[in-house]
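For reference, the structure discussed in these notes is given below.
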Amino acid sequence: RRGASLTDLAEKIGVDPASLVQVLFNLGEMVNATQSVADDTLQVLGAELNYTIEVVSPEDEDRELLESFDIEFGEDEGGEEDLAPRPPAVTVMGHVDHGKTKLLDAIRNTNVVAGEAGGITQAIGAYQVATEVDGQERKITFIDTPGHEAFTAMRARGAKSTDIAVLVVAADDGVMPQTIEALNHAKAAEVPIVVAVNKIDKESADPTKVRGQLTEFGLVPEEYGGDTMFVDVSATARTGLDELLEAVVLTADASLDLRANPDMPAQGVAIEAHLDKGRGPVATVLVHRGTLRTGDSIVAGSAHGRVRAMINDQGEQVTEAPPSMPVQVLGLTSVPGAGDNFLVVEDDRMARQIADKRESRQRAALLAKTTRRKTLDQLFEQ
Ligand code: GTP
Ligand code: MG
């Protein structure tokens, strides 16, 4: 296990921890028996002792935990015939104030920006819109992320849990630090990028310059022979919105196979969660596969509970959330972490067991971290 100590390892292979400390000492590493040891040190030690050491990541460990309950996370149940098309989930990213929230407001005919403190987005918002492409109604799920430099983790998570990134760049400001950061998150997550060049209504707008700047970062516009779609928009003048939605749908159709099994216990990700004074823990979840229903027993990270109510992006109560639909979930007994996975399980008991296991694991990991710091401090004291 990642973060294991020599005592843990000694127990596994049935030797005295002190002997392992000695072996490592002879290899030139000073490690005490209880502190957690780096993966590569464990591997070196294993090689010395003729053991093959496989370090299990927290993700693998969690997969094993779920498998012990006969749950496979991250896979659609059944075969090809059980898969149905699902809407693309799109993360909207970009530098602070480049107009991400305003753009989503324009697309949805709402005014979220007006309600934000200082006009700065501080949490992830999730919305679903419908558009018509080639005479067909198509839904798109949008996740709004903050552009402020402090919210790197939120952007990284957003990129990771969705299918496409819309990179918003203000045409008057051009490419800025968080523009680059955002596009790197999207590249790391291997999601296709659609560029929305915003604020083209402004006198000082220079959309051509933006195209040139982004070309240097490997996003070459289609009109220059590349494969990235650039769409000029203005959130305030409401221009280019349909074109942007169409570009998203075309990108989804061209490069992604967006299908999911709607007829299985729901799985997905908690994109945001907080404690509401009146309603208790509230988690915004994005369903990746399956259908989430009120009454379902769920685990989200180390939180668990039963879905008491679900609220869609219009503030309406719903009883079902199919794949790609974001909903607020009420009924959890504690607040999950943003980015935690969620899944529906057989009953409340199983939900609690999984949540408890995860929680004690988290506590152990935290303890390992603090003890390690302590031992280091002690070392320096001497
Ligand atoms: P963060 O979430 O804090 O990163 O900002 P944001 O990217 O969501 O920007 P937001 O939508 O809050 O817009 C920032 C400011 O730019 C607001 O004052 C908007 O009214 C203005 N703005 C957004 N889009 C346009 C546009 O197309 N044209 C003009 N002229 N102003 C715009
Ligand atoms: Mg915003």
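No lab work stands behind these numbers, since they all come straight from the coordinates. Remember, it's a predicted structure, so these values are computed and weren't measured experimentally. Neighbour counts are summed over all protein chains in view; Cβ atoms, including those assigned to glycine, are modelled from backbone coordinates with ideal geometry.
Structure data summary
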quantity: Ranked 112, 37, criterion: other C-beta atoms within 10 Å, fewest first; calculated: 112, 37
quantity: Inter-label distance, nm, simple model (7 Å from Cα along the C-beta direction), residue 81/residue 114; calculated: 5.3 nm
quantity: DSSP-defined beta bridges in the range 38-151 - what % are antiparallel, rounded to 5; calculated: 70 percent
quantity: Residues with amide H under 5 Å from that of residue 128, placed H, sequence gap 5 or more; calculated: 142, 313
quantity: Neighbour-count order for 224, 127, 51, fewest beta carbons within 10 angstrom listed first; calculated: 224, 51, 127
quantity: Per-residue Cβ neighbour rank within 10 angstrom, fewest leading, 288, 148; calculated: 148, 288
quantity: Contact order relative to length of the chain, as percent, for alpha carbon pairs under 8 angstrom and 6 or more apart; calculated: 14 percent
quantity: Distant-in-sequence amide H partners of residue 84 (H built 1.01 Å from N, under 5 Å); calculated: 260, 261
quantity: Rounded to 5, percent antiparallel among DSSP beta bridges of the chain; calculated: 70 percent
quantity: Rel. contact order, % - alpha carbon contacts under 8 angstrom, at least six apart, the range 150-242; calculated: 27 percent
quantity: Student exercise, the range 83-229 dipole from Lys, Arg, Asp, Glu Cβ charges, in Debye to nearest 20; calculated: 460 debye
quantity: Kirkwood-based shape ratio for the range 250-340, expressed as Rg/Rh from alpha carbons; calculated: 1.00
quantity: P(r), alpha carbons of the range 70-142 - 5 Å bins starting at zero, rounded %; calculated: 3, 12, 18, 18, 13, 12, 9, 9, 5, 1
quantity: Under Karplus coefficients 6.51, -1.76 and 1.60, residue-wise ³J(HN,Hα) of the range 325-338 in Hz, glycine/proline x; calculated: 8, x, 9, 8, 10, 10, x, 6, 8, 8, 8, x, x, 5
quantity: Extension gain, residue 216 back to residue 347 (0.36 nm per residue minus Cα-Cα distance, nm); calculated: 41.9 nm
quantity: Only Lys, Arg (+1) and Asp, Glu (-1) charged, at Cβ; the chain dipole about Cα centre in debye; calculated: 1420 debye
quantity: Values of log10 I(q)/I(0), in the order q = 0.15 Å⁻¹, for the range 158-262 under a Debye, Cα-only, solvent-free model; calculated: -0.60
quantity: Rh (Kirkwood; distinct C-alpha pairs) - the chain, Å; calculated: 23.1 Å
quantity: Long-range HN-HN contacts of residue 138 with modeled amide H, under 5 Å; calculated: 131, 132, 133
quantity: Karplus-derived HN-Hα couplings along the range 61-77 (A = 6.51, B = -1.76, C = 1.60, θ = phi - 60°), whole Hz, x at Gly and Pro; calculated: 4, 5, 4, 4, 4, 5, 4, 5, 9, 6, 10, 10, 8, x, 10, 7, 6
